[in-house]
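The values are calculated or read from the model by the stated rules, or taken from the named source; none is laboratory data. Just so it is clear, the model here is predicted, and its values are computed rather than measured. In this analysis, Cβ positions are derived from the backbone assuming ideal geometry, glycine residues included, and neighbour counts consider all displayed protein chains. Please note that ligands, DNA and RNA were not included when accessible areas were found on the heavy atoms of the full protein model with its side chains. Shrake-Rupley method; radii C 1.70, N 1.55, O 1.52, S 1.80 Å.
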Amino acid sequence: MIDIGLLLIRLVIGLLFIGHGAQKLFGWFGGYGLKGTGGWMDSLGLKPGVTMALLAGLTELIGGVLFVLGLLTPLAGLMIAATMVMAIVKVHGPNGLWSTQNGYEYNLTLLAVAIGIALIGPGQYALDAFLF
């Protein structure tokens, strides 16, 4: 049952990060694409904005794919965690903890899940279990 639970966690979190990456990179799922996300990142002081949007989008997309597959899980967890640290530091941190005030509550939860799975492993229903 633990392995099914780990798979469920990996699928939900990984697919959400794939979606976030696709929003930044391609404008899918209501996202703004590289140009729009790049302009927003410029406004946050993350320059050059389009390059930072590309890096963030690729990190989320690739990290999400790896997380779903349970492939190179520590790296996948680190990639997801890194994007959440940046979201906390540059966007949500000044607003406090609670998401009702646009705070970092949700980002911190995702950060904890990503690091937790990276530390304990992806379970038996993962490519890491077959390859390593």
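Miscellaneous remarks
- Dipole magnitude (debye, nearest 20) for the chain, charges at Cβ of Lys, Arg, Asp, Glu: 300
- Along the stretch 12-19 the Karplus relation, 6.51 cos²θ - 1.76 cosθ + 1.60 evaluated at θ = phi - 60°, assigns HN-Hα couplings of 5, 5, x, 5, 4, 6, 4, x Hz to successive residues, with x for each Gly and Pro.
- Options Leu78, Gly27, Phe130, ranked by Cα towards positive dipole end of the stretch 10-132, top entry (Cβ charges): Gly27
- Angle in degrees between helix 73-87 and the longest Cα principal axis of the chain, rounded to the nearest 10: 20
- Placing Lys35, Lys90 in order of accessible area, with the largest value first and a 1.4 Å probe, yields Lys35, Lys90.
- Computed from the Cβ-Cβ distance with R0 of 35 Å, the FRET efficiency linking Lys90 to Phe130 stands at 0.40.
- A simple spin-label model places the labels of Leu97 and Ile2 2.9 nm from each other, with each point 7 Å out along Cα-to-Cβ.
- Taking all protein chains into account, the per residue accessible area for the chain stands at 55 Å² (1.4 Å probe).
- Using a cutoff of 8 angstrom between alpha carbon atoms and counting only pairs six or more residues apart, the relative contact order for the stretch 1-112 works out to 21 percent.
- Prolate/oblate/rounded label for the chain (Cα gyration tensor, a/c 1.5): prolate
- FRET efficiency for Glu105 and Lys47, using Cβ-Cβ distance with R0 set to 25 Å, rounded to 0.05: 0.35
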